[in-house]
Amino acid sequence: MRAIVIDDSEAIRRILRNMMTAIGFEVIEAKNGRDALDRLATIGCVDVALVDWNMPDLNGYEFVVAVRADPTLNGMRLMMVTSETELQSVAAALNAGADEYVMKPFTKDVILEKLALLGIGQS
Amino acid sequence: MQLYEDDICQVTRTIWSTMLGWEIRRTPLDEAAIASLKERTLSGCVQITGAWEGDVALHCSDSLARKIAALTFGIETDEATLAHARDALGEMANMTGGNVKSLLPAPSSLSLPAVVEGTDYSMRIPVGRLLAQIAFECQGERVLLRLVERDS
């Protein structure tokens, strides 16, 4: 299984990478939505993307919209992992095509629970 | 403002315990808390714009920021660089701002975090008033959280 972790904070990418590799994922990192789309254009679709909201260049919401408009990325699961806590933001992300929404701060258990809801992550 | 401050303290405790596994405890806002900012300090700040406008800033010592970085990056404290410390404190400020925003009128947007560092400096938000200033102690060091509301 492959995951892409998209966050402008290297610290958060490191934390999520460690969580995901511990449960058997190969993890690719991207520092914003544009960087993530570039990497996906090279490596192809992954099983799940963990996506921050507030990022420079292309933010998480715009990334979700772009992924859902791209048929080559069909079936990729999208989990927002973000400090954006307003219910309107949650609704906007889900309406745009995000599958799950995790608010920071998060625990490993919450990430695992959300992956299980998506039917992935059980190695 | 007591309600705000209690809620902000709860948000702060949750973030620090969840992300770092550390207890952060509110302390009196005394001279020692203010004096601690005269040492080498890092400040992480995010802006909130929309139905409520202002800034949330976290101030702590360089050494505490490097301890946070070491924990989040999984490295030794003496291996933590200023870049690691900036990244880690910026993310702590980002989480604090996002969660404080949920206590304020909606809708509003959160900026990307900015981090500055130096010795005995001050941050001033033009046309703003200090809404809350809360001192904490964590890992034997002081942390200061400031919430500034911009005048409309």
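Observations on the structure shown:
- Evaluating 6.51 cos²θ - 1.76 cosθ + 1.60 at θ = phi - 60° for every residue in region B:128-141, the Karplus couplings come out as x, 10, 6, 8, 8, 9, 10, 9, 10, 10, 8, 6, x, 10 Hz, glycine and proline recorded as x.
- Of B:133, B:103, B:59, farthest towards positive along the dipole that unit charges on Lys, Arg, Asp, Glu beta carbons give region B:27-152: B:103
- Span-like helix ranges in chain B, DSSP H, alpha carbon extent 20 angstrom or more, Kyte mean at least -0.5: B:2-20, B:82-101
- Trypsin sites (Lys or Arg not before Pro) within region B:1-94: DSSP coil, no more than 11 neighbouring Cβ in 10 Å: B:38
- Listed residue pairs exceeding 24 Å between alpha carbons, taken from A:31/A:104; A:31/A:114; A:104/B:101; A:31/B:38: A:31/B:38
- Structure remark: mean-square fluctuation, Gaussian network model of chain A, C-alpha springs under 10 Å; the largest value among A:39, A:13, A:77 belongs to A:39.
- Long-range amide H partners of residue A:76 with built H, under 5 Å: none
- With both residues required to sit in the protein assembly as shown, DSSP beta bridges show an antiparallel share near 70%.
A short reminder: the numbers here are calculations on the coordinates, not readings from a lab. Keep in mind that what you see is a predicted model, and the values were worked out from it rather than measured. Glycine gets a Cβ as well: all are built from the backbone with ideal geometry, and neighbour counts include every protein chain shown.
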